[in-house]
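Scroll down for the structure; my scribbles are underneath it.
The values are calculated or read from the model by the stated rules, or taken from the named source; none is laboratory data. Please read these numbers as outputs of a predicted model, since none were measured by experiment. Virtual Cβ from ideal backbone geometry, glycine too; neighbours counted across all protein chains shown. Accessible surface is based on the protein model in full, side chains and every heavy atom, while ligands, DNA and RNA are left aside. Shrake-Rupley method; radii C 1.70, N 1.55, O 1.52, S 1.80 Å.
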Amino acid sequence: MARHLLLVANTPVRNAGTWAGNLMIKYHHREFPSDVFLLLAAAKAKLKIADENGVEDMDVEKMYGTCMKNKIIVSMALPPLDENKFIFKTYKVTPRAISSHAYVNAAFVLPLDPATTEVTERPCLLFGGISGTFAHAAATEHYLTGRRLAEPTTLKAALQTLLDEVQPQPDPELADVVYRRRLAASLLYKAVLHALGERVPARLRSGAEQLTRPGLSGRQQFDTDPALWPVSQAVPKLEAQVQTSGEAEFVDDQPTVPGELYGYYVLSTVGDAQLKVVDGSAALAVKGVHGFVTAKDFIGSNELFTCAMLLKGMGMDTDLLTPELVFADGTVRFCGQPIGLVVADTRELARHAAALVRVEYAQVAPPVVTIRQALKKQPQGMQQSPICPANVTTGDPDGALQAAPRCVSGVWEMGGQDAFAMEAHVARAVPCEDGQLNMSCATQGVKEVVNGVADCVCVPANKINLEVRRLGGGFGGKLSNAVPIACAAALAAIKLNRPVRIVLDVETSMAMCSSRFPHYISYQVGFDDAGRVHGLKLNTVANDGYCITVNSFVEIQQLVAGVQNVYRTDNWSVIPGSVSTNLPPHTAIRGPGMVNGIAAIEMVMDHIAHELRMDPWEVRKANFFAADSQVPRPFDDKQDHEVFARMVEEMFDSGDIVKRQAEIQAFNKANRWRKRALALVPMRYPMALWTKMPAMVSVYDQDGSVAVTCGGVEMGQGLNTKVAQVCALELGVPLHQVSVKPNSSLANPNGIGTGGSISSETSSMAARSACRQLLQRLQPFRAASGQPALSWLQLVQTASQAGVNLTAHAIQSPPAGAPPDMYTVWGLTAVEAELDVLTGESLLHRADVMEDAGQPLSPAVDVGQVEGAFAYGVGLMMTERYRFHPETGRRLTNRAWNYYVPTHKDMPRDFRVKLLKNNRNPVGIFNSKATGEPAVCMSVACLLALRQAVAEARREASLHAWFQFDSPATPERTQMACDVGVEELVLA
Ligand code: MTE
């Protein structure tokens, strides 16, 4: 019981909440799968319940038939249970390791004669997660009474009785009823295996217990070059202390200014309709409400084309883009689309009044949410997307497929992902003198917000003042998403001539904001008996959401690069398509497209291995890109191939791959209900230094200290730390003498949003150029040779007195008219996973993540980035699943309660990250490479390890065919893929 209680919520919640409070939640919400209820009810706990008339003793279950008004639960007593006579066993199956309510939970008390296994009296079989009215499996309890548990017929009939009486309540927010029913049977079977102990064969006993998660350990290996320090030195992130102590200021921490108002969105409640009536009069009648802003109030443009200049720069046709709207205008394109903003004195008042706005819809149509639904309407989505010319077409894929000795085809789907940063979306606009607008906004894109607001409220860009000190996480979600929110705040502020602040709560954010693109992948691959691919046709379809933005372009472009990964591409056709749906426009979230591309081709490799019954790594090896490949690869050089080869060698050596694979085989043989697998996934992540990034460096003649501001936004990735390290090295001052200032629209008006993992290095490059300008200006003031050298302060003061400008500005940008510098980040990851076949839960035992970071610029930061990116991918691959309302298209998994970002308990228990030693990158700054995103792609190994474990489980039931395994591979999907029939739940 104590162990089970540790699975309730998490430590802070358990410290704040009480068991009695938990019972009362269940009292008011009977469908709530309360663990506390199950445990106490099964243990026949006696409650003392008091009211004005006195204290009454009551069983837990009786309380649920009692009126609890004006009553208080005073105490609880657990009667002793003779462990020689009773088996007490409980289970909880959850979508992630902790902090989650159960799909299904159960508590069993089996009164058992240990000698005969007879159930001596009526057992207690309690389940949660089935429905608001179902708790006891009464018919099964009745059936089992007096029967011998060890009799195979007893189990068979008990399971059948249970399946007959367990009828889960369908609910689109919850797991499928088929899974929940299966879980009920699995849990009873587990309890029986547990009760019978050594009476059942050891192979089956593997089903008795749930997975336990050992403590977490980690290893971090990296290289440093002391000659470059503080560059390449493993320093803590500059903000680490203020962030962990809570001192760091985020936008919503800024105190309110006099007269400040709060905006709260009114969102559409259907996914595809005409807006017939939008009536804010009831809201406006509330005292303290000052305005209701809608599309009708626009001064400038309601239409956003964020980053469209980017496409123009690439010579692409921006006419293909469709606008994102700040507010719905005439039609509603997705459920959750902003219709208006209520502005009031307080946040609570604005929220209350927003609920009073009357919206009526006409021509409400069923929303199209999934790619499959969209393809029915737009089959052309399977064709090349017009938005992006990127594709791979080499040789003769059709001919090669026809001639290949073997051929397989498959489809699979990858879900999207919310950015889910800890800091909310927030924007504040303060109208001020000279027609200026002081903006604060949690954004990755200062220029993008300034441009959007300027267009939206017709204020010249030079009058919009925006500073971004830091973000509490961006992950790509605060680039295009921040713009309409800033526009709404600016519009309301100008209309009311008052400061306006908007802070999105999680539900609003998940309803209206863009998230990662989901993808549908289909392929046909021809190959030989050695696993060598002869021809490949792979089509992908991205879910654009309701409009086509620059992000649609980025996603596909990256996807096409990702699909090629480390492989030869002779006779390949890779064609990316896209469809429109009734969802918010999707956006570029950490590792956009690339993670999907790599996942797609790695799934194909596994499919080939499955067909040939080969080790998947051997298939990969047979297809590695080599110097003799017909289709050349841009910018991978000899050194790159050596780096990758070295990685493979080191992985097999330090990762003990061969030995562990043998152990896994033995484990799988010995265990029917637990399966393990190890997946090895390579990565090639091309980087192009294509962005324009400014920086400004000032030296203060007071004390020689240095300040720098640059075009990249610090969002946790350590950009400021890297920039400061570079300035300190260049100017020859200690790191603590460099202070990094917020990104500002004054110093950095024409940069580009932070993203693509290259902003830290391009900001550092710009800062280095600015430092070098300063050094040049200081050069004439250095002491002549033979004279004693001037200290840094003397030098700075001498130059300053002579009128030298000690502020320098520089822009890092690709050479005009020439392609940007490019390099490749290489990676290799081994993940060992274990699966509980009966529940679908899994455990990542160990992950060895190797990445080539060149000579890391800031190794502690870079290792953290690799770990963080991998963790982000664990969520994408395994836990973060969206569910939508079938009729409205509303996102139902829209808060931490039901959208499961992985926790530390979901991380590999043994997590080893190694940045490859002694590598170089001539086009990177100080030989470094980017680390922010690539490791997201390495999480593909988690998905594939789990898939292999499922395949092992299926083999036990003679299911040898390839099966579709979509991501995220939640326990629900994983267990359903195992396809365990009730007839397989046996005792011998
Ligand atoms: N790390 C933290 N802690 N928080 C973030 O929001 N964003 C990621 C990655 N690492 C992010 C992060 C994303 S999406 C990108 S593109 C890169 O950081 C940006 O890093 P860069 O500034 O070096 O380009």
- Per-residue [θ]222 nm for the chain (sum of -39500 (n - 2.57) over DSSP H runs n ≥ 4, rounded to 500): -9500 deg cm²/dmol
- Query: How do the peptides 539-548, 311-320, 92-101 rank, highest first, by the average count of neighbouring beta carbon atoms within 10 Å per residue?
  - Reply: 539-548, 92-101, 311-320
- With θ set to phi - 60°, apply the Karplus curve 6.51 cos²θ - 1.76 cosθ + 1.60 along the stretch 742-749 and write out the HN-Hα couplings as whole Hz, x wherever there is a Gly or Pro. x, 5, 9, 6, 7, 7, 10, x
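In square angstrom, what is the accessible area per residue of the stretch 63-134 with a 1.4 angstrom probe? All intermediate terms of the calculation are to be shown ahead of the outcome.
Numbers: 3070 Å² over 72 residues.
Result: 43 Å² of accessible area for each residue.
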- Note on the structure: Carbon and sulfur atoms account, in whole percent of the 1.4 Å probe accessible area of the stretch 544-630, for 46 percent
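Around residue 488, what is the net charge, scoring Lys/Arg as +1 and Asp/Glu as -1 over all other residues with Cβ under 12 Å from its Cβ? Let's see the in-between values first.
Values: positive: 428, 495, 501; negative: 297.
Within the 12 Å Cβ shell, the charges total +2.
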- Message: Considering only protein heavy atoms and a probe of 1.4 Å, how much of the accessible area of the stretch 10-95 is carbon and sulfur, as a whole percent?
- Response: 55 percent
- What accessible area per residue, rounded to a whole number of Å², is obtained for the stretch 734-810 using a probe radius of 1.4 Å? 47 Å²
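Could you check how much of the accessible area of the stretch 250-378 is carbon and sulfur, as a whole percent, using a 1.4 Å probe?
Numbers: 3320 of 6130 Å².
For the stretch 250-378, the apolar C and S fraction of the accessible surface comes to 54 percent.
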- Query: What is the magnitude of the charge dipole of the stretch 214-310 about its Cα centre, with +1 placed on the Cβ of each Lys and Arg, -1 on the Cβ of each Asp and Glu, and no other charges, expressed in debye to the nearest 20?
  - Reply: 300 debye
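Calculate, for residue 56 and residue 422, the FRET efficiency according to 1/(1 + (r/R0)^6) with r their C-beta to C-beta distance and R0 41 Å; round to the nearest 0.05.
Details: r = 45 Å, r/R0 = 1.10.
That pair, residue 56 with residue 422, gives E of 0.35.
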- Message: At a 10 angstrom cut-off on C-beta neighbours, averaged per residue, how do the peptides 163-169, 488-494, 139-145 rank from highest to lowest?
- Response: 488-494, 139-145, 163-169
- Theoretical FRET efficiency, 1/(1+(r/R0)^6), r = Cβ-Cβ of residue 25 and residue 406, R0 45 Å, to 0.05: 0.20
- Message: For Cα pairs less than 8 Å apart in space and 6+ apart in sequence, what is the mean separation divided by the residue count of the stretch 639-787, i.e. the relative contact order in percent?
- Response: 24 percent
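Size of the dipole of the stretch 505-573 about the Cα centre, Lys and Arg at +1 and Asp and Glu at -1 on the beta carbon, nothing else charged, in debye to 20?
Details: 4 positive and 7 negative charges, 49 e Å.
About 240 debye.
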- Unit-weight point scatterers at every alpha-carbon of the stretch 540-633, Debye formula, q = 0.11, 0.23 1/Å: log10 I(q)/I(0) is -0.39, -1.11
- Length-normalised contact order of the chain in % [C-alpha pairs under 8 Å, at least 6 apart]: 14 percent
- Of the cross-linked pairs 26/69; 26/675; 296/376; 621/914, which ones have a Cα-Cα span greater than 25 Å in the structure shown? 26/675; 296/376
- Extension gain (nm, one decimal) between residue 529 and residue 905, 0.36 nm per residue minus Cα-Cα: 131.3 nm
- Message: Which order do the peptides 840-846, 881-887, 908-914, 829-835 come out in when sorted by mean C-beta neighbours inside 10 angstrom, highest first?
- Response: 829-835, 840-846, 908-914, 881-887
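Quick check for you: with a 1.4 Å probe and neighbouring chains kept, what is the accessible area per residue of the stretch 608-714, in Å²? Provide the component values of the computation, followed by the final result.
On the way: 4570 Å² over 107 residues.
It amounts to 43 Å² per residue over the stretch 608-714.
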